[in-house]
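The values are calculated or read from the model by the stated rules, or taken from the named source; none is laboratory data. What you are looking at is a predicted structure, and each value in this text was computed from that prediction instead of being measured. Don't worry about glycine lacking a Cβ; one is built from the backbone with ideal geometry, like all the others, and counts go over all protein chains shown.
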Amino acid sequence: MYSLIWLVPIVPFAGFLLLAFAGRYLPRRAVAIIGPGAVGLSAAVMLLISGQFLAAPPAGYAYEQTLWSWIATGGLEVGFTLYLDPLSVVMGCVITVVGFLIHVYATAYMAEDEGYSKFFAYMNLFVGAMLLLVLGQNLLVLYLGWEGVGLCSYLLIGFWYKKPENGAAAMKAFIVTRIGDVALLIGLFLLVVQFGTLDIPAILAAAPGAWAVGAPAAVAAALLLLGGAVGKSAQLPLQTWLPDAMAGPTPVSALIHAATMVTAGVYLIARLHALFALAPGALLLVGIIGAATLLLAAFSALAQHDLKRILAYSTISQLGYMFLALGVGAWTAALFHFMTHAFFKALLFLGAGAIIHSLRDEQNIFRMGGLRRRLPAVYWTFLAGALALAAAPLITAGFYSKDLILFAAWVSPVGNRWLWGAGLLGAFLTALYTFRMVFLVFHGPERTAPHGRPGPAMTVPLMILALLSLLGGFVETPADLGGVHLFSSFLGHALPGLAAHGSPALEAALQLLSTVAVLGGIALAYQLYLRRREATARWLARPAPDAARRLLLAGWGFDWLYDRLFVRPFVWLATVNKDDSVDAFFRGLARASLLLHGALSRAQTGNLRWYAVGFALGVMALLAIVVFR
């Protein structure tokens, strides 16, 4: 069964090729089968392989499959090799299963779009590239998938390219993430020069012997890799592209934000954990970036009025939790939150899409309300996702994954109380902005009447994701709630466990604090946006709160700052240099040649006597040089 691993990324690529070249000639029903079917088949193969991996794991809990030799020169050999271990099993299963549900949903959501086959071609390519990224045995295959998801994000965010703002959003995502990609590429060059190989297992095995803890080369490599992760996972200071990525169709938002592109940075750091362990300063920086990002994004989500932008800032914030976990060495906690986040964030985006679809593209939450009676299936599934995002205690997957991160931040040798405090405050803010959204969209008076209800193709994926959002956390529970460690035990064969462990009493106390924070956030949202909505609106209209709201609405002004620091100076230089100063030298050389030609051409008079005089003078000059040298 392991030998079929090549089918997992290849089938979506095959679906892309078929739809790209023949999609325009196929009926929509065929496209609706091929697009989701390719990802569904990939998911089925991945689940079968995962089942065998659990039942009869390969030797060393790792399996490699080399499809062909890619590069063999100068002692460097790079194969197109796939790698299966517990980390890639978890990533592969989440990507394919969630990706399949999103594809099924998209068959209805995009049913009237003129680019139907092109959309599914891009979506298949996106899933295939992400699978290549997580299944690559070496850094070159990983980087191929890395660049593939970057290209697909550009194509899908700007899918409705006839609107200029959509094209601008796609270009922004491509350029901003490219900054991190350049850092990653330099880091890969450093690793291949140092170790003479791009094989990830070989590098992880050799690094502790080649570099001492804190060695400059180890720190440089870790920081460069972190730069790539920050760009792809939209962490400070490269987070500005993600809210604008909402320009793409909602299924694209669900795919990018839940299970694919934005989690690539988390996967990169987890996969190369041994390198970060050799650079404690860089690892601490990962945690600090995560803590700062989760707070800044959570505050920004509080001020948004666009439903999808609230979820976009929420994604940035939840990725911050994953970076926080990585920064304190809680590798499995980060991946656990990745899995639960994929379930509930895909659910919330698809639920938002169903709402927007029913309201004929209305996205302003202040123009919604009272939808719980008109869209009951969407309401109850969306509520399940909201509870999981807010980490409602005991009953949601988000509670168990976020609680594990907060506990790790407290007890880890490289954690500290400040990081834990940031995570706790983030839990309160998450509950507040999540239920602000729920109360304004589904409760209160109806402001925009929905037109119809979503069909089975949209509601069935919502129901499946709702179940996963509620039940998916029970594979890893704390000691006082059953002490189940299925997830961490499985991933423990690929990632080291947390160095320190706290007592069950301490863990229970921290759970109680996080529960109070979450319930407090929900209660405050209830008071502000349901019971006293008009009073809250009047207070927010005051000068000081309104100024703070506008700052948060603009994402703390990062776009404004970058526009003045980088965009405008670059545009000014381009305007000044519109004739291209580099070409000025060559244009000058051409003009000098023309002037010299004009001067020499004057000597061509056609008068034989002048030619004879010139010849005589030349001979005399040569004789003088010979005699007097």
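Looking across segment 544-601, the residues that are modelled with pLDDT of 90 or more and among the charged types (D, E, K, R) come down to ASP546, ARG549, ARG550, ASP559, ASP563, ARG564, ARG568. Against the criterion of being over 14 Å from the mean Cα position of the chain (by Cα) and either closer than 19 Å to LEU268 by Cα or modelled with pLDDT under 95 (or both), ALA173 does not qualify.
Which is at pLDDT below 95 and either assigned to a loop (DSSP other than H, G, I, E, B) or touching a Pro at 6+ places or on another chain (Cβ under 8 Å) (or both), of LEU242, LEU255, LEU188, LEU238?
After ruling out the rest, the residue left standing is LEU238.
Helices (runs of 4 or more DSSP H) fully within segment 493-606 that include at least 1 residues being among the β-branched types (Val, Ile, Thr): 504-526, 533-540, 568-576, 581-601. Among the residues making up segment 374-386, none is free of Cβ contacts under 8 Å to residues at least 24 places away in the same chain and either surrounded by 24 or more Cβ atoms within 10 Å (Cβ to Cβ) or touching a helix residue (DSSP H, G or I) at 6+ places or on another chain (Cβ under 8 Å) (or both).
Among the residues of segment 1-47, the ones that are in contact with a helix residue (DSSP H, G or I) (Cβ under 7 Å, 6 or more places away or on another chain) and assigned to a helix (DSSP H, G or I) come to 32 in all.
Which residue, of GLU114, GLU77, is at pLDDT below 95, closer than 28 Å to LEU350 by Cα and surrounded by fewer than 17 Cβ atoms within 10 Å (Cβ to Cβ)? Exactly one residue qualifies, and that residue is GLU114. For segment 511-548, a residue qualifies if it is crowded, with 16+ Cβ neighbours inside 10 Å and either among the aromatic types (Phe, Trp, Tyr) or under 30 Å from the mean Cα position of the chain (by Cα) (or both), and the qualifying residues are GLN511, SER514, THR515, ALA517, VAL518, GLY521, ILE522, ALA525, TYR526, TYR529.
Determine, yes or no, whether PRO413 is part of a loop (DSSP other than H, G, I, E, B), in the same structural domain as THR515 (by TED's automatic domain parsing) and on the phi < 0 side of the Ramachandran plot. Against the criterion (part of a loop (DSSP other than H, G, I, E, B), in the same structural domain as THR515 (by TED's automatic domain parsing) and on the phi < 0 side of the Ramachandran plot), PRO413 qualifies.
Among the residues of this structure, ALA291 does not count as one that is outside any loop (DSSP other than H, G, I, E, B) and under 30 Å from PHE100 (Cα atoms). A search for C-beta distances below 7 Å between a residue of segment 537-552 that is outside the structural domain of ALA301 (by TED's automatic domain parsing) and any residue that is among the aliphatic types (A, V, I, L, M), counting only pairs 6+ apart in sequence or on different chains, returns ASP546/LEU540; ARG549/ALA303; ARG549/LEU540; LEU552/LEU302; LEU552/ALA303. Taken residue by residue, segment 397-420 has no member that is over 28 Å from GLY329 (Cα atoms) and either among the small types (Gly, Ala, Ser) or crowded, with 23+ Cβ neighbours inside 10 Å (or both). Only residues that are more than 27 Å from the chain's Cα centre (by Cα) and charged (D, E, K, R) were counted in segment 26-73, giving 2.
Checking the condition in contact (Cβ under 8 Å) with a residue 12 or more places away in the chain, more than 26 Å from the chain's Cα centre (by Cα) and surrounded by 20 or more Cβ atoms within 10 Å (Cβ to Cβ), which residue from PRO445, PRO454 passes?
So the residue among PRO445, PRO454 that is in contact (Cβ under 8 Å) with a residue 12 or more places away in the chain, more than 26 Å from the chain's Cα centre (by Cα) and surrounded by 20 or more Cβ atoms within 10 Å (Cβ to Cβ) is PRO454.
Only one entry of GLY426, GLY455 meets the criterion of being farther than 28 Å from ALA325 by Cα and assigned by TED's automatic domain parsing to the domain that holds ALA325, and that entry is GLY455.
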